[in-house]
Structure formats: structure tokens, C-alpha cells
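S.K.: Here it is: the structure, laid out below.
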There are 4 protein chains.
Amino acid sequence: MCRWLAYSGTSVLLDEVLYRPKHSLIDQSLHARMGVETTNGDGFGIGWYEEHTDTPAVFHDIGPAWSNRNLREIAGHVRSPLFFAHVRASTGTAVQQTNCHPFRHGRWMWMHNGAIAGFHELRRDLVLAVDPGLFLSIEGSTDSEVMFHLALTFGLDDDPPGAVARMTGLVERVGREHGVPDPVQMTLAVADGEGLWAFRYASRGPARSLYYSSRIGDLRALHPDVDFLRDVSDETRLVVSEPLGDLPGAWNEVPESSYGVIRPQGDYLSEFAPRDV
Amino acid sequence: MCRWLAYSGTSVLLDEVLYRPKHSLIDQSLHARMGVETTNGDGFGIGWYEEHTDTPAVFHDIGPAWSNRNLREIAGHVRSPLFFAHVRASTGTAVQQTNCHPFRHGRWMWMHNGAIAGFHELRRDLVLAVDPGLFLSIEGSTDSEVMFHLALTFGLDDDPPGAVARMTGLVERVGREHGVPDPVQMTLAVADGEGLWAFRYASRGPARSLYYSSRIGDLRALHPDVDFLRDVSDETRLVVSEPLGDLPGAWNEVPESSYGVIRPQGDYLSEFAPRDV
Amino acid sequence: MCRWLAYSGTSVLLDEVLYRPKHSLIDQSLHARMGVETTNGDGFGIGWYEEHTDTPAVFHDIGPAWSNRNLREIAGHVRSPLFFAHVRASTGTAVQQTNCHPFRHGRWMWMHNGAIAGFHELRRDLVLAVDPGLFLSIEGSTDSEVMFHLALTFGLDDDPPGAVARMTGLVERVGREHGVPDPVQMTLAVADGEGLWAFRYASRGPARSLYYSSRIGDLRALHPDVDFLRDVSDETRLVVSEPLGDLPGAWNEVPESSYGVIRPQGDYLSEFAPRDV
Amino acid sequence: MCRWLAYSGTSVLLDEVLYRPKHSLIDQSLHARMGVETTNGDGFGIGWYEEHTDTPAVFHDIGPAWSNRNLREIAGHVRSPLFFAHVRASTGTAVQQTNCHPFRHGRWMWMHNGAIAGFHELRRDLVLAVDPGLFLSIEGSTDSEVMFHLALTFGLDDDPPGAVARMTGLVERVGREHGVPDPVQMTLAVADGEGLWAFRYASRGPARSLYYSSRIGDLRALHPDVDFLRDVSDETRLVVSEPLGDLPGAWNEVPESSYGVIRPQGDYLSEFAPRDV
């Protein structure tokens, strides 16, 4: 189990989102409330987009986020309008930077909470389905990175929800072929610098928890005293594994088997289902 | 808050003690039950004596113990009749190897759970009281390492309980001088390769939890089916921050303001009080 | 021996200065040419100022700079008008983040190449001369960090060259008292976000190598084809342990026993001598 | 380029072999003489067999060997009759523990110096040739680990030289198919706890350097004053990437395209050639 957070909106200091909230992601690295494991201390990562570059920056380290001074420094000095953060609880895979989320490929970032059941048995078949030209860039040993490369193989560039649906469909099929009936358990965040897609799905529910923030305008009316709400635009959104605090009205559960899109041209929530490949 | 374990007795594979028990120290690094903090993921250390060398070996690392593969390897291949293990929860001090317990000086090892209240303010006066020749070997920034060097200054070589009493007395006095009325909170383990001393004390109780194992002979009679008890000598003892399991009759609380000695010539428990310096 | 680089001028991507030059600092971490040691692989650090914050950001890590992916990411995404970078070759002191340069205190940054001879013996007396209120913020075990805190004690805020001269004078005196006749060997960079001071001094020369870049206008006339020179202002300056390449006319040796100041209101080079305290 | 050392013979403290020699492997991590790269600071590993266990212990870390305190501790306290040590210079692959040699599988250890040319392009086909049951245990991203798993696939358990010949043959063939005419450059050490096999081969020579030590009896007669030679049995042998010192008569080059076997029942040197698969 892991915890993650995706931010899109007004450019802010990462610190505002990563450290300031009462039950921040950094706090969740030590004391998660909603997951199976309460400690997410097996490495972490952040990734952020900036105006002047296409490729996001990523920063990964293998110790716990809660004690990492470099993370604190970067969060205190870097501003971004679109960023990811992830704290990891390994289920046995090596604790190393190449297993830390978010993963990056070109302008894409990807992070995941959940697991492919029986991944040890399915891994070979899944890896074989990755486009040979993309195979080279698999560096670590996680299921999450393989899922990312499958989505890239299945057209992430052109149709993110479709590519994720086909990736999920493949895992379901390969799982069935190996006698793993319910292989997928996932919440996913994917971004390309403009849009942000978040998915919640499990072969058999309940899927891992996932929440999105309410419209800033509505929240601002409810809580005129919260500084952060005054400083960010109406389009600003957060998607998180678990709420960052107890602000009434602030958080909404992403329904199971659905995905959301956050883009300059507008947001929407839609159903999600695996697609055969 | 930290958790620690000290073992003295029949030479065993470290793994038997560090990983096998139901609520092992490695498990406590992730899920401690009795402390203020449940996670002890800010570095760890082990130290062990061997027959053919006077100086103990130490192994320290800055990540969590629970995911450390090197620790697992060493524990699975090293045997020792007297060893320490410690998992750390930093209260703000840097997470670095020189802040990991056990500390070593010549044939001595030292580890600590607790804290000197107001250490930031007392540190300078305490460091000044360290023998100038020993000052050089302070490498980290913890209160624990300064306490060790004070005990060395006050005659640890000749009279361990007396040296620890004087160290504690100095901290009490320097605390009072700076308006910190109850500066000491500690459980300590100290060893020189033959003897093992364990202390439990707080300026104002309750002191951090500390337990010692019952006589192996008594336990063996109670639990004839436990393999480990069959394989170790009657003199084997464990001192631990919290019990390693639920074996009835196995664990006894070390009383507050007391210390125990475990040596080939016999064990005893005695009162402990700070001594003026 | 270490290698360092200080940049002041037009805001640039760190990458332009840290990685692009032919004999960049990152290259020097693996293959320094002018020092006693050719490898500077015992940790590294960068520190940078930004427009919107007073306190510089620092990033330290304990592995070699040449293979550090996080450094590469940060260098590729962070812009700064005033930054430091340092690659370390330890002479025995622990390899840990708190021993990595640049050190920071409030708005000040400090980095050092060289050593205090006999530091083990002088350390206690030097540390005692640090202001008690500053003593608390010494976290590591290097001579360089103690030198920084002595300079802060001696008025770095008001008079940087005077404070460094008094720090140096103290080390010289304490050295003599302990029978270490020539204790100081240093090149230093100090900055407060506006000004940058660089010192070169040794009790007995030659001091460690130090170079400053020529006026950009002159270089631009000489080398109209070099992109970097076209993009930066006339006030841009670099101070480096060893030249970053072979561009004729680009580098000038800082004379022994001297220091330079680089500030918006102009640069100058001046003599440096220790001052009694 | 990397440097490695394999020891077989009288059980010794690792320190005697790893740190004591004039040009020890630890010294080679900083200043190799014979390789393309003089610094081998991108991680290291040791692996050792003991009498009471079948599976060797391994210890890997990602920093340079020369400054690693844990390595020094282990080397100073662990004795072994058969051990490997390896210092790594990465050619781009991630610096992480799962890329550190020696690799282990069951009772087997494996380490490598060299590279598969064009590995990025050949990797997928090579990985596909690994037995699906072994595929699961590939954790890192090096060519060396894939070579190991290919040798396991091709019968390392039954016929080590044959399995290595078939692995090499496969790499040659896959290389040719991808237009990489000379893909193999290697020195290899392989052990199973009893025997030690060392290979030197390149598709096109010269292969990386490799040396074996002379018979101890002959060396003892030549150098009656060398302590180490008095303390070890006649069967003791070292195989090294480069000589550990300048002792006349001590080191012999392993011929190109050959391999040596060191076993209790005797040593021999034989020709090596890739075998078609």
C-alpha cells in the first residue's frame, strides 16, 4: 500500500500542499489512516512540471519522506502548477530509486497505489507485451512501472483512458490465464503537463481509497478564513489517496470503476472499465 | 523514542533473536506497541562481540530496519554470545550513521532509549564536561552519544554503575542550572564483552519501558515445546524495550530507578540513583 | 581535498554551469586535475538563492555527484542568479549529509576546500569559542562547519572579510598553542544572497588553487561563438577551485592571501590577513 | 569497468585480503591502474561462504567501498574460506543494491567485469531466453545479472563451464542478429561453495585483465618473510582483476579465452569458447 497526491491548478510552493495540511502526505508517510499499512516509509518521490520545460522533474529517494531534508528543501523552494507526490510501502520489492514513483517517460508521469496480484507469476507475460522499443526504459522491478509501459504501449499519448483500459484488460486476461482471478487493484494518476487523469478500479472491490477536492469556489464560500483557498484559482484541484484534513465539504470520494480528468478546458468524471486487447 | 534489545548467553545466530520472535525488534521498527511513537524507522544498528576479538563489530544504517537486506544477511550469518540491536525514532536530530546506536568505544558498547529534555540548551555544558581526550571521538549529534562519553569520562572502565550514576547526576545538575527540572528519561544498555548492564531511570517517572527475560530453566519447564529454550544455556538473558512475544512468564519489568547486571559469575538487580559530580 | 564552484550573475539553469562545461565540477568529482586527490566522491552539495525567498535552498547527498540522478534533475530544472556547488573528498571525517557543503545559517551559505591541520586536537578549543547560541546549530563533524560558526560568532553579518580574518586568526592562535604551527589551508566561498566573498589563504603557502572568471565583456569579444557568453550579463562571475575548461583568457588565479567580493555595486580584489582575537 | 577479487583457501578474516594488501581492492575502488576507468565508486559488494550454511551471505551498498564503514566492520570480523568482492564502475545503469555484484541464487554466486555491447538492444531477447521460473528472480537492470540467469538456465548446476559457454554463445548469436558483431567482454567468477570458476573472454580481444596467484608453496619459498603466506594453506588461491601488490612471482595472467577451476580436489586451467545454443 502506498499513498499519493496529485495537484493541478495555481502554481504554488510544493510545501503548501505537501507539508502544511494537518494530515499531509508527509504525515501519511508515518501515520496513514485509511490503508492496510499505516507506515509508508519505503521510499518516496515527487515530480513536477514547470512553465519553461516540457519534461517534468522527478526527485526520488529510498528513505522515509518524513525525515528527508532534501525533500523539505525542494518543497520549500519549488513552485509548480501540476505535481505528483508519492510515499511508498513496499510489499517485498526492493527499496531503490528505480522503484519509486512517480515514473516518467518523456512528458508523462505515472504513479500508482495498489498491486497486481500474483505479479511474480504474471510479470514475464506482461513484460513481453511491452513494446520492444519501450522495454529498454524499464529500470526497476515494480508492477507499477510495467503497468506504465503497457499503457504507453497501448497508446497513452493519444487516448489516456483508452490506454489505461487496455492495460487493465491485459492484466485481467493474463491473470485469468495464470489462475489469478482478480489481479488488479489500483488507483492511478497520470499526467502529461496539461491534463491530469486519475483512475480508481479493482477487479473485485473495494478498490483502494481515492478522493478529489471540491470546487474551490464552493469551498471558499464555506471557509472564508482558509488562506490557501483565497490564494488559488477556481480550477485548482487535488486528488489524494486520503483526505489531507478534516475541512467539511472539502473531499469527495472517487466512485469505484471510474476516472476523472482535470484539464484547463474543464473537468469531468466518467466510468472506467477494462478493455480487451 | 526508540526500541532496543540486548542479548547475553549461548552464542546464537542473530536472526533467531532479531527476526524469529513474533513481536521481534524488526517488527517493532514498524509497529511498536508500548512507546509514544509506533514507528522506529530513522536508522538502526547492531553490535556484536565474538570470541576472537576484543572490539565488538557494529553495523549501522540510516534507512528503516524492516526493509534492510544487509541486516537480514548479517543476522542470518553471524553468531554471537553478546549483542545489541537498536531501532531509532529520531526526535529531530539528523538521520545519519553517526547518530545510530549502539555507539562503541574500545571494547564498550552503549545504546539508549529516551532523551535529555532541553538537550539543545544543555548540550554545550555537557560536551564541555567530557574529557578532552574523549571529546575527539564524538562524531554525531545525539544526546545518547554525549551521555556515553560522559560515562566514559566518569570511569565506565572501572565502575559502570557508578559512572552512569555520575553521568546522570551531571545531566540533572546541568538541567537544573538551565531551568530544565526533569531532564533525564532513559533506558540504557552497556557492555564490555563480558558483562552487560541495563539501566532504567527518569528524573520524573514513569521511565521508558524495560523488560528482562526470566531464567531459562524456569521457562523451559513451563514451555517444553519452545525450540529456542532448549538450545540455549541457563545463563542466557534478554533485556528489551518491550516483550518480543506473549509467552506467559517470560518477561519481567525492570523496576524504575534500578539497574541489572548480567555476567558469567551471576546476575543481580539493584537500585539506581544519580550521583553528584 | 574538495572542489567547489560559486556562480553570481544572470539567472541560469544550474545545468549550464554544473554539467555543460568540458571540465565541469561534476567531471571534477571523478577526475580533478589540480588537487592532491583526483576523486571527490565523498558526498556533494549545492545551494541556491532565488528571488522570492531570503533563505537559500540546499541539497546534499552522500554518494558521488557524478552518478546522482536527483542532482541532475534539480540542475536541469532550477534557475538561480547566485549558487554554490561542492564535491567532497573526505580526509577521514564521516560521509554524511551534515558534513556536506555548502553549510547554511539563515541567509548565509559557506563552503570550504582545505583543512585545519591537527583539527582533532584543536577542535575542542575552537568549538568553545563559538557563541553558545550558535553552538546549537553545529550538526556535523567537519572543520569547515566550525570555521563557519566561528565566522558567524565574529560578525559575519556586519563585516564578512573581518569575520573571516578573525576566524582565521583564532585558528592560527589555537594552532600555535597546541604546537601546530601552520594550521590553516583554505579556499572559502561565502554568500548572503546579494554578495559573494571568496578567500584564498594558507598559514604556509601554497594555498589550494582558486580561479575567477574574466569579465564577460572581454571574453565575449574573444570568443563570439560561445553561446553561454552571449546569454549572460557583464556582471556574471564564476569562482572555481579549478578552471572548467580551456577557454583562453577565461580564468585568472586568485592571488594567495587575498579575497574577492562580487556584488551588484561592483567587484574588487583585496589582500587578506588573519586578525588577532 | 569494475574490479573484482575471488578468494579460495584457508579461512581468513576478510580484512586480510580486502584491506591489507598494498594495492588492495579497496584501494582499487579509488585508484585502479589497469582499467579504462580508474574510479570504481558506483557501489560494491561482497559475498562469503561459511562452514555452517549452504547459502552464501551477501552485502551490497551503493556508495563507494573506500569510505564504507560497514564494509570495514564486516571485513574486520568475518572469516571465510571462499569469498568474492567487487567494486563497480557503472556505465550508465542505475546505482542501486540490486545492480551490485556478487549476485546470488541458491548456493551460487556470480560476479562480472566487462559489458555486453549494445545491451540495451539485446536485453529483451536475452531476458526472453531466461527460464520463466528464473525470470522472477531478476531484480536489477544489469547485463551481468541477465548473464547469470542465462547460465543458470543453461545448466550451471551440472556443468559450470558448459553453462557459461552456452550463455556466451547465446549472447554472440543475439548480438549478431542485432548487428552487434563483438558483444561479449567479460571476466567472470562463479562459485557454489566448494568450487570456484574464473573465466576470461572477449568476442574480440583483448579481454579485461585477469590474474591468479601462484602456488603458495612456491611463493613462501621466495618470500619467507611475508606473514600472510605463512598462515595460509598450499591450496589457497586468489583470482583478481589486477594484482594486489608488486610481490615478484606472485601473479600470473589468465590467458585470453580460458577459464580456471579451483577446487579441493585440485586446480586446472583450460580453454574457453562460446558454444552454440
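The values are calculated or read from the model by the stated rules, or taken from the named source; none is laboratory data. In this text the structure is predicted, and so the values were computed from the model without any measurement. All Cβ positions, glycine included, derive from the backbone under ideal geometry; neighbour counts span all protein chains shown. Note: areas computed on protein heavy atoms with side chains; ligands, DNA, RNA excluded. Shrake-Rupley method; radii C 1.70, N 1.55, O 1.52, S 1.80 Å.
S.K.: Do any strands (runs of 3 or more DSSP E) entirely within region D:75-135 hold 1 or more residues that are basic (Lys, Arg), surrounded by fewer than 19 Cβ atoms within 10 Å (Cβ to Cβ) and out of contact with any Phe, Trp or Tyr (no Cβ under 7 Å at 6 or more places or on another chain), and if so, which? Full working, then the answer.
M.R.: Numbers: elements: D:79-87, D:103-105, D:108-116.
Counting at least 1 such residues, we get D:79-87.
Conditions tested, residue by residue: (1) surrounded by fewer than 18 Cβ atoms within 10 Å (Cβ to Cβ); (2) of a type in the set (A, V, I, L, M, F, W, C).
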{"site": "C:Ala6", "(1), (2)": "no, yes"}
{"site": "C:Lys22", "(1), (2)": "yes, no"}
{"site": "C:Gln28", "(1), (2)": "no, no"}
{"site": "C:Arg33", "(1), (2)": "yes, no"}
{"site": "C:Gly45", "(1), (2)": "no, no"}
{"site": "C:Trp48", "(1), (2)": "no, yes"}
{"site": "C:Leu71", "(1), (2)": "no, yes"}
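S.K.: Looking at region A:194-218, I want the residues that are within 21 Å of A:Ala151 (Cβ to Cβ) and have a partner that is part of a helix (DSSP H, G or I) and among the β-branched types (Val, Ile, Thr) with Cβ atoms under 6 Å, at least 6 apart or on another chain. Which pairs are those?
M.R.: A:Phe199/A:Val164
Conditions (1) over 12 Å from C:Phe199 (Cα atoms); (2) surrounded by 14 or more Cβ atoms within 10 Å (Cβ to Cβ), marked per residue:
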site	(1), (2)
C:Val232	yes, yes
C:Thr236	yes, yes
C:Val239	no, yes
C:Gly249	yes, no
C:Val254	no, yes
C:Pro264	yes, no
C:Pro274	no, yes
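S.K.: While we're looking at this one, here's another question. Every residue in region B:126-156 that is within 9 Å of another protein chain (Cβ to nearest Cβ) and under 21 Å from B:Thr91 (Cβ atoms), please.
M.R.: Answer for region B:126-156, where residues must be within 9 Å of another protein chain (Cβ to nearest Cβ) and under 21 Å from B:Thr91 (Cβ atoms): B:Val127, B:Ile138, B:Glu139, B:Gly140, B:Ser141.
S.K.: Going through region D:3-43 one residue at a time, which ones are under 28 Å from D:Ile116 (Cβ atoms), touching a Gly at 6+ places or on another chain (Cβ under 8 Å) and either in a loop (DSSP other than H, G, I, E, B) or not aliphatic (A, V, I, L, M) (or both)?
M.R.: D:Arg3, D:Ser29, D:Thr39, D:Gly41, D:Gly43
S.K.: Just to verify a result, which residue in region C:56-69, among those that are facing chain A (nearest Cβ under 8 Å) and in contact (Cβ under 8 Å) with a residue 40 or more places away in the chain, is surrounded by the most Cβ atoms within 10 Å (Cβ to Cβ)?
M.R.: In the first step, residues of region C:56-69 are kept if they are facing chain A (nearest Cβ under 8 Å); the result is C:57-61, C:69.
Going one step further and asking which of them are in contact (Cβ under 8 Å) with a residue 40 or more places away in the chain, we end up with C:58, C:60.
On the way: C:Val58: 21, C:His60: 23.
Checking each candidate, the answer is C:His60.
S.K.: I've got another one for you. With small (Gly, Ala, Ser) and touching a residue at least 12 places away in the same chain (Cβ under 8 Å) as the only criterion, which of D:Gly140, D:Gly155, D:Gly133, D:Gly92 stands out?
M.R.: Details: D:Gly155 fails: touching a residue at least 12 places away in the same chain (Cβ under 8 Å); D:Gly133 fails: touching a residue at least 12 places away in the same chain (Cβ under 8 Å); D:Gly92 fails: touching a residue at least 12 places away in the same chain (Cβ under 8 Å).
So the residue among D:Gly140, D:Gly155, D:Gly133, D:Gly92 that is small (Gly, Ala, Ser) and touching a residue at least 12 places away in the same chain (Cβ under 8 Å) is D:Gly140.
S.K.: Let me ask you something else. For region B:148-206, give me the residue count where each residue is part of a helix (DSSP H, G or I), open to solvent by less than 10 Å² (accessible area, probe 1.4 Å) and of a type in the set (Val, Ile, Thr).
M.R.: Looking only at that region, the number is 4.
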